[in-house]
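A short write-up of the structure that comes next.
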Amino acid sequence: MRLCERSTIRRFMTYNFNEIEKKWQDFWAKSQTFKAKNDSEKPKYYVLDMFPYPSGAGLHVGHPLGYIASDIYSRYKRHKGFNVLHPQGYDSFGLPAEQYAIQTGQHPALTTEENIKTYRRQLDQIGFSFDWSREVRTSDPSYYKWTQWIFIQLFDSWYNNTSNKAESIDTLISIFASEGNANVDAVCDDHIESFSASEWAAFSSEKKQEILLKYRLTYLAETEVNWCPALGTVLANDEIVNGVSERGGHMVVRKKMTQWSMRISAYAERLLHGLNDIDWTESLKESQRNWIGKSIGAQVEFKVQNSEFKIPVFTTRPDTIFGVSFMTLAPEHDLVENIVTDAQKLEVEAYIKTTAKRSERDRMSDVKTITGVFTGAYAEHPFSKEPIPIWIGDYVLAGYGTGAVMSVPCGDQRDYDFAKHFNIPIPNIFEGIDISEEAYASKDNVVISNSDFLNGLSYKEATKKAISELEKLGQGEGKINYRLRDAVFSRQRYWGEPFPVYYVDGLPQMIDKQYLPIRLPEVEKYLPTETGEPPLGRADVWAWDTQKGEVVKNENIDNETVFPLELNTMPGWAGSSWYFFRYMDAQNDEVFAGEEALEYWKDVDLYIGGSEHATGHLLYSRFWVKFMKDRGFVSIEEPFKKLINQGMILGTSALVYRVVANSESEETERVYTDFFVSRKYSELILSDSEVAKKLKQRIRDYYIIEKNNENFSKPFTIEISPLHVKVDYVNPSDELNIDDLKNDKEFGKDFRDAIFIGENGHVIEGDNDTYKVGHEVEKMSKSKYNVVNPDAICEQYGADSLRMYEMFLGPLEQAKPWNTAGISGVNGFLKKLWKLYMGDNGLKVTEVEPTAESLKTLHKTIKKVEEDIESFSFNTSVSTFMIAVNELTAQKCASKEILEPLLILLSPYAPHIAEELWNQLGHDESISTAPFPIFDAKHLVESTKKYPISFNGKVKFTLELPMDMTKEDIEKEVMTHEKTLAQLEGRTPKKVIVVPGKIVNIVG
RNA sequence: GCUCAAGUGGCGGAAUUGGUAGACGCGCUGGAUUCAAAAUCCAGUUCUUCGGAGUGCGGGUUCGAUUCCCGCCUUGAGUACCA
């Protein structure tokens, strides 16, 4: 079957990329070339991109970098005979659409839809081989139906430490019914009362629900959250950067609120352990390890003297227990008010007040200031029974460990500084170590002394011994602590997944699966209500009718059969934590993905995306997948086998140099003049040069004579103020298009009176001189005016050039600057390639036998390109192609045997031109599944080698010798050569190193 | 502070079981073609006092180091009173 009309040759005599690319994009769409089947004889391969949030600004050239890399890999795998799943979709719930809705009143669904259209058009024009039939959108009810379903499953589960997995809540209920909770080892809230089977049976239904909530994997609890007043919502820990919100940089405060939380802490150990089995970069794994923050140590209980109170502390150094000279509690610690003595009460209260006033941010940024106060109370050392003063200090965090520390000043720098500051003794328990200047925090070379039964032991031995002795006393045990906290899952926003939850007597109830999805209600405004409820509080139709099984008007709420619905929505990471499963079976209406599809595709073989998701999305996804495995919904433990972070593409900003006049009179005045100097002068005029003097005179003349501005008659100095201008107005030679700049809608008026002084020092009028801009490499962003739009690049150079150039810029994982000027290189390469196949009279390729030289070129290209793709070194492949085309052109190669396989090699990188030439060569079907050429080493065999002959390691000349020459013969040949004799000038070399096939080195 | 990356021409970068540093491309210079421009083609392009020197700096191992080892410096990213 002929799938595509062969092009009329005449039209394509020259490389017309716009026409070619449009043609093949249409062809791929029409023939569904990249549609993946869920059953196939071929082995599966799943390549995934982190799906984008469709923002209103559209794509810039930095966004598709990862998509191009994954597309090359996908196309390569198809050539290699794999059934490839390469889908794309949109993470379409999120703050920007909602903020826009708040400002304009436009429904976020509408703006999201529009933005997606732009994204789709931009993605299509780059020629990606996505299977769009599997597209997902997290904001689509048919998708979030299953996000809600997973939430219900989490609610219906608890974590059993004994079986080390999540189980249905029913198993917990039956344990309670048969034996109470005494023997249950679960990950749950602290301080759960213990009860027997008969007590459980006697509990009211409400009481049972309250207890179960403390065990569920998603639970409702009053927690201290990060509240962001400006955004009107809570934020997760990973959404806060340097104490302010990641989005917008707004202030964040601590606040107690009733919120849904995810018991991710149950999975801390498995999340940590699983990192060993996946192929991610070490730095990414390291971030996750730090975030999970496992510390091994002991929990130790200190009795408070003259009271029944006990202070539990967590320490990683139980071996230093005899070095304790004081204890420190966090100011927020519950015990503080109970133990403080009357004498110290006022001072302690005052201190707590001042620390509470300090925001989280102040406390974080101000690490140097040591503050604290003595409580007046003493604890008792578990072994020596000596009294230990109890202090409070804000260097101890309420949220970590137990909120209290046993302070060992000789072994911890913070304790040391605190002790020095308050004149607390610093006992030394390390043999032969000087602690007069600072604490000795290392665990190496430790010999414990002054420590009773621990004397003479190393860190390891002492730790073991101390724990076992504490256990004997009943005052401690070995313990592992994690930094990872449970994740808050409620957001006070509109544009997110609604919870499938209604409330009976204040207790949450799940809506039955058959009624999902629970769709977002309509609201008048997207702001919180006047009473501070989330935006869903504005909905009129937001109540659950348990009889009808539908959402009804709020006025029907009777708390008998109709109940209020949850007003919070889910956070951004809800939908992205499982989307990779949905792609496997995107249309399924019965389950989140069918069993067969899940079994076939299993996991993501290659995942490419940005490193900013290191501790958010990538951790939550792993958590959900482990949970889903525990409950038998999926069979995999880790979702992403191999992961690569693409580096950021930086923008090259364009700068113009405005001249600033500083008056030299007493009241220094800064005047931004209308003069702009070209790049060359931006540095020259800073010195007290002739140029500067001339320019000063010119400015003086202009303002005094033409503008009648007498201020410039006073003496002044000049300096330069760089100013960003849009890179669109700069050509590849850095020349500024002044007319376009002056006509710019946004800031053209700022330049209306501008006087530009060109590279040759002339005031620019017409084309008498050119103005060159300066550069700065920085993040690509709208505010820096350095955003390069891929639409313009595709228009001017074509998608194939864009794809190849993005790869050519440098290693995938490194950050690198974009410079549009460089694209002419790959564009020129594609033109040259085209000419290799097409001449003035049409197709040049013939059945002629290839030369040995051409075969060598082809096969070394096959080898290199294959190695490069396998190791994700796409940048070096592009050079390899350039070299191959340069060589084949020089060889005047026209042989189909060479040029046909070359197209397959190139097709993952430049699919449009490859398809077109493939078609011209007489193929009726797409190149996309043509088998990858097979490398044959026999074409690379050489008979001679040009030996570099070096003297003391420096190469002086080369000598061509047969490959099969022996070491002895090579030495003889080299040593008698006239150039060797000339180099030696009669000296006798000490030594001659001959490495056959590599090098000869003469020493002496 | 800690952790992880990375430092090579004017620029992006290439080369590591240790073996001709600067591939490929941009830019630049000169030339051809053209009425001219664009496009295309050809030649050159690390520095140099023409001896040499040279991969952030200082040492070391080696016949030989961008590559391995030790000690520094710089830049970037992440993280941070985590007991």
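The values are calculated or read from the model by the stated rules, or taken from the named source; none is laboratory data. Everything numeric in this text was worked out from a predicted model, so none of it was measured. Don't worry about glycine lacking a Cβ; one is built from the backbone with ideal geometry, like all the others, and counts go over all protein chains shown. Areas reflect the complete protein model, heavy atoms only, side chains present, ligands, DNA and RNA absent. Shrake-Rupley method; radii C 1.70, N 1.55, O 1.52, S 1.80 Å.
The strands (runs of 3 or more DSSP E) falling completely within region A:663-776 that include 3 or more residues that are under 30 Å from residue A:797 (Cβ atoms) map to A:716-725. Out of A:946, A:896, report the one residue that is in the same structural domain as residue A:811 (by TED's automatic domain parsing) and open to solvent by 20 Å² or more (accessible area, probe 1.4 Å). Criteria check complete, one pass: A:896.
Remark: pairs (first residue in region A:991-1002, more than 11 Å from residue A:951 (Cβ to Cβ); second residue open to solvent by less than 20 Å² (accessible area, probe 1.4 Å) and within 6 Å of RNA strand B (Cβ to nearest atom); Cβ separation under 7 Å; 6+ apart in sequence or on different chains) are absent.
Looking at region A:972-1004, which of the residues that are of a type in the set (Ser, Thr, Tyr) and open to solvent by 70 Å² or more (accessible area, probe 1.4 Å) is modelled with the lowest pLDDT? Among them, the one singled out is A:988.
Whenever a residue of region A:224-240 is at positive phi, its partners that are open to solvent by 40 Å² or more (accessible area, probe 1.4 Å) and more than 15 Å from RNA strand B (Cβ to nearest atom), lying with C-beta atoms within less than 6 angstrom and at least six residues away or across chains, give the pairs A:232/A:528. When A:860, A:864 are checked against the criterion of being assigned to a helix (DSSP H, G or I), over 17 Å from residue A:894 (Cα atoms) and more than 10 Å from RNA strand B (Cβ to nearest atom), a single residue qualifies: A:860. Considering the conditions (1) on the phi < 0 side of the Ramachandran plot; (2) surrounded by fewer than 18 Cβ atoms within 10 Å (Cβ to Cβ); (3) without any contact (Cβ under 8 Å) to a residue 40 or more places away in the chain; (4) within 44 Å of the chain's Cα centre (by Cα), residue A:632 is excluded by exactly one of them, (1).
The set of residues in region A:124-134 being part of a loop (DSSP other than H, G, I, E, B) and over 13 Å from residue A:85 (Cβ atoms) consists of A:125, A:126, A:127, A:128.
Could you tell me whether region A:87-97 includes any residue that is surrounded by fewer than 19 Cβ atoms within 10 Å (Cβ to Cβ) and not in a helix (DSSP H, G or I)? No: region A:87-97 contains no residue that is surrounded by fewer than 19 Cβ atoms within 10 Å (Cβ to Cβ) and not in a helix (DSSP H, G or I). Here residue A:552 fits the description: under 29 Å from residue A:234 (Cα atoms) and at pLDDT 95 or above. Residues in region A:98-124 that are open to solvent by 30 Å² or more (accessible area, probe 1.4 Å) and closer than 20 Å to residue A:47 by Cα: A:120, A:124. Are there any pairs, at least 6 apart or on different chains, whose C-beta atoms fall under 7 Å, with the first in region A:458-476 and in contact (Cβ under 8 Å) with a residue 40 or more places away in the chain and assigned by TED's automatic domain parsing to the domain that holds residue A:302 and the second in a helix (DSSP H, G or I) and β-branched (Val, Ile, Thr), and if so, which? If the second residue must be in a helix (DSSP H, G or I) and β-branched (Val, Ile, Thr), the pairs left are A:466/A:321; A:476/A:467.
Can you confirm whether residue A:883 is within 10 Å of RNA strand B (Cβ to nearest atom), open to solvent by 50 Å² or more (accessible area, probe 1.4 Å), in a helix (DSSP H, G or I) and of a type in the set (A, V, I, L, M, F, W, C)? For residue A:883, the condition - within 10 Å of RNA strand B (Cβ to nearest atom), open to solvent by 50 Å² or more (accessible area, probe 1.4 Å), in a helix (DSSP H, G or I) and of a type in the set (A, V, I, L, M, F, W, C) - is met.
Let's see how each residue does on (1) under 17 Å from the mean Cα position of the chain (by Cα); (2) polar (S, T, N, Q):
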site: A:642; (1), (2): yes, no
site: A:659; (1), (2): no, no
site: A:662; (1), (2): no, yes
site: A:672; (1), (2): no, no
site: A:679; (1), (2): no, no
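A search for C-beta distances below 6 Å between a residue of region A:556-571 that is within 13 Å of residue A:521 (Cα to Cα) and any residue that is open to solvent by less than 10 Å² (accessible area, probe 1.4 Å) and of a type in the set (Val, Ile, Thr), counting only pairs 6+ apart in sequence or on different chains, returns A:566/A:501. For region A:287-333, a tally of residues being more than 41 Å from the chain's Cα centre (by Cα) and more than 30 Å from residue A:349 (Cβ to Cβ) returns 3. Inside region A:817-857, can you point out the residues that are buried (at least 20 other Cβ atoms within 10 Å of the Cβ) and either in a strand (DSSP E or B) or within 14 Å of RNA strand B (Cβ to nearest atom) (or both)? Within region A:817-857, A:818, A:823, A:826, A:827, A:829, A:830, A:833, A:834, A:836, A:838, A:857 qualify. Taken over region A:777-807, the criterion of being part of a loop (DSSP other than H, G, I, E, B) and hydrophobic (A, V, I, L, M, F, W, C) is satisfied by A:780, A:787, A:788.
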